[in-house]
Amino acid sequence: MERFLAMRGDKRYVYGFDEPADGGRELLGGKGVGLAEMTQLGVPVPSGFTITTDACREYTANGRQLPDELPAEIDHHLETLQQQSGKRFGDPEQPLLVSVRSGAAVSMPGMMDTILNLGLNDDAVEGLASSTGNPRFAYDSYRRLIQMYGEVVEGVDPHRFEQALTDLKAQRGVQQDVELGANDLRELVATYKQLYADETGSPFPQDARDQLTRAVRAVFESWDTPRAQVYRRAHHIPDDLGTAVNVVEMVFGNMGEGSGTGVAFTRDPSTGEQGLYGEFLADAQGEDVVAGIRTPQPLASMEEQLPQAFGELTETMRRLEEHYKDVQDIEFTVEEGRLYLLQTRSAKRTAAAALKAAVSMVEEGLISREEAVARIDPAQLDQLLHPMIDPSAELEVAARGLNASPGAACGAVVLDADLAEERGKAGETVILVRWETTPDDIHGLIQAAGILTAHGGMTSHAAVVARGMGKPCVAGCEGLTIDLEQRTLTIGGEHLAEGDTITIDGGTGRVILGKVPLVPPQLNEDFETILGWADQLRRLKVRANADTPEDAAKARGFGAQGIGLCRTEHMFMADDRLPVVREMIMASGEEERRVALDKLLPHQQSDFEGIFEAMTGLPVTIRLLDPPLHEFLPSLEEATDERMRQRIVALQESNPMLGTRGCRLGLLWPEIYEMQVRAIIRAAAAVEERTGEAPLVEIMHPLVGFAEELHRLRSITVATANEESETVEYLVGTMIELPRACIRADEIAEYADFFSFGTNDLTQTALGFSRDDAEGKFLTRYLEDGVLERNPFEYLDQEGVGDLMRIAVERGRAAKEDLKLGICGEHGGEPDSVAFCHRLGLDYVSCSPYRVPLARLAAAQAALTESGVEAVATGG
């Protein structure tokens, strides 16, 4: 290797598993780092080497050309591998066979490609049969290589190979692959080679080194396959990371009864409980387990078949979890009684499992409370807030499968990923039903509410991806058959058509025909424990956006420390109030308008009393009327008389979002805001009298852009409030949702006790995007084409909108040091945006009630990051 470094300086593209390398997983990928660390720990790992992510990035940047120096480095490491194994790559008598596997810095299960048994050809397969004394094994390995190589390198449809295998088993009258003999597999190899030639126009390549070069290129190219791009977008993984390639000496689990392969977890990835969890297949290669081609056995069955290897495996699992201090997902192979580990990585797990494992590891002394809080993905907590089947519901279970990912979902059956994506994006709730899923189904999996498969186990593709996404999944449902030609299916003997409704329960494996009532989930003790630790660590307070006493009570139950946004216009839409609101809008003058407002006042007061009581002792920010008045009137076509039609026409605006709304209503018709302030103050006084505790009232004026607007509205607010009570305390502030308000925040702060950033509208006004139009038209294309990395209405645009917020914070607090600052846009519950608000020095974030737990955790992780403890969400 020294001669290569002398030629190229200190840059290199290939590292052996036993060689130290700076750069970690960003350079070697997660799989490569794991193999290197296990090698250095003395864990039994096959020999091999890793081609770095640098090589992948240069391959892409250089127009899909391998770096000039890479072939020589690969040859050097191949020579080392041959010396270690005593075999030669491409040798017809003692062939060295390798696997070529992808491995990105961020785990992307099943998204990129793997090829096994590279190095076999027509001569080497005979040598392998002779040297092992096992011709069946040799031809089984060769037929797998032809299929995987054809699919990954040449793009041959894998179903053509699978159909040939199915046809051969039918001809021989057998059910399982392992029931085919050596001569059967020799015949299958000939069939596969002909299929390959027919599809590609060339014979299957016989030169081992050529196979390896083309396989490395194919794995690099798999980084940019559509399924990988979809997965990265869904999980916010940068496109420029690239993938490493791991070239590993083959060890064989398909050499007979003393061999096998499997996947093991150090704790249950669905529940987090300690215990033996995983799956095992005797006489099989690893792809058989994860692809769901054969239904595997529980890991415990391995103890009976291969007791010594089983004992080594369980001890190694213990060592790896103690070393990594996290739940591990391990792939292993047993070759004629000898155990090899092929991979270890932090396990994908459900939110419940992530919480349980984190709490248990603190109790066991493996990690600290801070580390436990740092490793939970806030977005993943959303899984625990999903519905489950009503325990009191009467239902008839049609079939059962494996409880592969918890939660429940009802939806229309769809039988392919394209349709799932189409209908899901159209707003329909669908259940994707497949024989088994593959990485190419990722776009449909993202849109589906749940997944049901006929084949596959607890570590199948469908199960792993569903757990990572927090979707319910029932896998390996033997009572399910699918007829794709007729677009029908049979569940437990009942015939259904695509589009019929089913319910799946991923926690129990039940499949039920029709729609079953769902109920909110029950939060468990681990959930409360982690959030309790988070509350001790965070600086940001967390409030909720709530418009009703019921929502306020729900938010308080989730740990909200007040209400950051109560939208009063929602109170006007009720059936008993809307006619009075319309009467107010149709009034001929102020006097008539005040008569209608007097009718509304008791309703408003009642609403506020309920909210104040639900939030006793906590602050409540009430936004005065914001939307334009035409929104409370019917459409012109639905108008009941000419007078109303004239009023509708008079109120129509070309762009109402930027028109007569917000504080502009209060300045044009101050009696509306006066009524609302009276209702707020009267409600506060009434609740204080009843409970003995004064509500913490914050009155917010929306859409202020000029200091004089707030100056005048504050005067109206104070005068009205003082007429009602001299004892009720309150704050007066504004929602910052216009770029001008951010830039002139020092002037506006003179009349404000608080600012609340309304980032929904601030994003629209800063970017010039109408949310409804953008998301319905060009924004999706922007995201697909990479113009934008994220939807700015879901994830705060920190460089643009965030910079306006920073200006407002600096200028506002420069003018008024004790100015209270918060955010009440939907971004207040998004983890990255919460972290930004922490760095900005806001006092609180506010979000929907169900996102309060996410925000509490995200706020704690922001504080930990500031103190040097990086948040690493390992369970997502």
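The values are calculated or read from the model by the stated rules, or taken from the named source; none is laboratory data. In this text the structure is predicted, and so the values were computed from the model without any measurement. Note that each Cβ is placed from the backbone with ideal geometry, even for glycine, and that neighbours are counted across all protein chains shown. The accessibility values were calculated without ligands, DNA or RNA, using every heavy atom of the protein model including side chains. Shrake-Rupley method; radii C 1.70, N 1.55, O 1.52, S 1.80 Å.
When V542, V620 are checked against the criterion of being touching a residue at least 12 places away in the same chain (Cβ under 8 Å) and in contact with a Cys (Cβ under 7 Å, 6 or more places away or on another chain), V620 stands alone in meeting it. Taking each residue of segment 497-524 that is of a type in the set (D, E) and looking for partners that are surrounded by fewer than 18 Cβ atoms within 10 Å (Cβ to Cβ) and in a loop (DSSP other than H, G, I, E, B) with beta-carbon atoms closer than 7 Å, six or more apart or interchain, yields E498/R487.
Residue-by-condition table, conditions (1) under 23 Å from V152 (Cα atoms); (2) open to solvent by 10 Å² or more (accessible area, probe 1.4 Å):
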{"site": "V413", "(1), (2)": "no, no"}
{"site": "L419", "(1), (2)": "no, yes"}
{"site": "R434", "(1), (2)": "yes, yes"}
{"site": "P439", "(1), (2)": "yes, yes"}
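For segment 392-401, the tally of residues that are within 28 Å of the chain's Cα centre (by Cα) and either free of Cβ contacts under 8 Å to residues at least 60 places away in the same chain or open to solvent by 60 Å² or more (accessible area, probe 1.4 Å) (or both) stands at 1. Of the candidates R712, R690, the single residue that is over 28 Å from E591 (Cβ atoms), part of a helix (DSSP H, G or I) and open to solvent by 10 Å² or more (accessible area, probe 1.4 Å) is R690. If you go through segment 801-814 and pick out every residue that is of a type in the set (G, A, S) and open to solvent by 30 Å² or more (accessible area, probe 1.4 Å), you end up with 1. Checked against (1) open to solvent by 50 Å² or more (accessible area, probe 1.4 Å); (2) farther than 20 Å from Q536 by Cα; (3) touching a helix residue (DSSP H, G or I) at 6+ places or on another chain (Cβ under 8 Å), L341 meets all criteria but (1).
Given the criterion in contact with a helix residue (DSSP H, G or I) (Cβ under 9 Å, 6 or more places away or on another chain), open to solvent by 30 Å² or more (accessible area, probe 1.4 Å) and closer than 21 Å to I451 by Cβ, identify the matching residue among E550, E494, E498.
Residue meeting the stated conditions: E498.
Working only within segment 182-206, note down all residues that are open to solvent by 30 Å² or more (accessible area, probe 1.4 Å) and in a loop (DSSP other than H, G, I, E, B). Within segment 182-206, G201, S202, P203, Q206 meet the criteria.
Remark: pairs (first residue in segment 362-386, surrounded by fewer than 17 Cβ atoms within 10 Å (Cβ to Cβ); second residue assigned to a helix (DSSP H, G or I); Cβ separation under 6 Å; 6+ apart in sequence or on different chains) are absent. The set of residues from segment 416-433 being at pLDDT 95 or above and farther than 11 Å from Q447 by Cα comprises just one member, V433. Of the helices (runs of 4 or more DSSP H) lying entirely inside segment 2-104, the ones with 3 or more residues being surrounded by 14 or more Cβ atoms within 10 Å (Cβ to Cβ) are found at 24-41, 53-61, 70-85.
Quick one: would you say S846 is under 17 Å from the mean Cα position of the chain (by Cα), at pLDDT 95 or above and not acidic (D, E)?
Working: under 17 Å from the mean Cα position of the chain (by Cα): no; at pLDDT 95 or above: yes; not acidic (D, E): yes.
When the stated conditions are applied, S846 does not pass them.
If you check L366, L395 for being under 22 Å from I512 (Cβ atoms) and part of a loop (DSSP other than H, G, I, E, B), only one passes: L395.
In this structure, does S635 turn out to be open to solvent by 30 Å² or more (accessible area, probe 1.4 Å), without any contact (Cβ under 8 Å) to a residue 60 or more places away in the chain, closer than 18 Å to L668 by Cα and out of contact with any Asp or Glu (no Cβ under 9 Å at 6 or more places or on another chain)? Walk me through how you get there before you give the answer.
Numbers: open to solvent by 30 Å² or more (accessible area, probe 1.4 Å): yes; without any contact (Cβ under 8 Å) to a residue 60 or more places away in the chain: yes; closer than 18 Å to L668 by Cα: no; out of contact with any Asp or Glu (no Cβ under 9 Å at 6 or more places or on another chain): yes.
Considered against the rule, which asks whether it is open to solvent by 30 Å² or more (accessible area, probe 1.4 Å), without any contact (Cβ under 8 Å) to a residue 60 or more places away in the chain, closer than 18 Å to L668 by Cα and out of contact with any Asp or Glu (no Cβ under 9 Å at 6 or more places or on another chain), S635 comes out as no.
Could you pull out the residue among T481, T508 that is open to solvent by 20 Å² or more (accessible area, probe 1.4 Å) and in contact with a Ser or Thr (Cβ under 9 Å, 6 or more places away or on another chain)? Give the derivation first.
Values: T508 fails: in contact with a Ser or Thr (Cβ under 9 Å, 6 or more places away or on another chain).
Step by step, each of T481, T508 is checked, and only T481 is open to solvent by 20 Å² or more (accessible area, probe 1.4 Å) and in contact with a Ser or Thr (Cβ under 9 Å, 6 or more places away or on another chain).
Note on segment 810-828: among residues that are closer than 16 Å to E750 by Cβ and part of a helix (DSSP H, G or I), the one that is nearest to the chain's Cα centre (by Cα) is E810. Residues in segment 369-385 that are out of contact with any Pro (no Cβ under 7 Å at 6 or more places or on another chain) and not in a loop (DSSP other than H, G, I, E, B): 9 in all. A448 meets each of the listed conditions (1) open to solvent by 10 Å² or more (accessible area, probe 1.4 Å); (2) in contact with a helix residue (DSSP H, G or I) (Cβ under 6 Å, 6 or more places away or on another chain) apart from (1). Restricted to helices (runs of 4 or more DSSP H) entirely inside segment 742-791, those with at least 2 residues that are surrounded by 15 or more Cβ atoms within 10 Å (Cβ to Cβ) and in contact (Cβ under 8 Å) with a residue 60 or more places away in the chain are 745-749, 759-767. The residues of segment 574-604 that are closer than 23 Å to T717 by Cβ and open to solvent by 40 Å² or more (accessible area, probe 1.4 Å), listed by number, are E590, E591, R594, V595, D598, K599, P602, H603. Based on this model, can you work out whether P702 counts as modelled with pLDDT under 95 and either in contact with a strand residue (DSSP E or B) (Cβ under 7 Å, 6 or more places away or on another chain) or open to solvent by 20 Å² or more (accessible area, probe 1.4 Å) (or both)? No. Inspection of segment 231-240 identifies at least one residue that is in a helix (DSSP H, G or I), within 22 Å of G34 (Cβ to Cβ) and open to solvent by less than 30 Å² (accessible area, probe 1.4 Å). Among the conditions (1) open to solvent by 30 Å² or more (accessible area, probe 1.4 Å); (2) within 23 Å of A462 (Cα to Cα); (3) touching a residue at least 24 places away in the same chain (Cβ under 8 Å); (4) part of a helix (DSSP H, G or I), R217 misses just one, which is (2).
Would you check if there is a residue in segment 612-625 being hydrophobic (A, V, I, L, M, F, W, C) and either part of a helix (DSSP H, G or I) or open to solvent by 70 Å² or more (accessible area, probe 1.4 Å) (or both)?
Looking only at segment 612-625, we keep the residues that are hydrophobic (A, V, I, L, M, F, W, C), and these are 612, 614-615, 618, 620, 622, 624-625.
After this cut, where a residue has to be either part of a helix (DSSP H, G or I) or open to solvent by 70 Å² or more (accessible area, probe 1.4 Å) (or both) as well, the list is 612, 614.
Yes, there is a match, as at least one residue in segment 612-625 is hydrophobic (A, V, I, L, M, F, W, C) and either part of a helix (DSSP H, G or I) or open to solvent by 70 Å² or more (accessible area, probe 1.4 Å) (or both).
Scan segment 649-663 residue by residue and report those that are at negative phi and buried (at least 17 other Cβ atoms within 10 Å of the Cβ).
In the first step, residues of segment 649-663 are kept if they are at negative phi; the result is 649-661, 663.
Answer for segment 649-663, where residues must be at negative phi and buried (at least 17 other Cβ atoms within 10 Å of the Cβ): L651, R661, C663.
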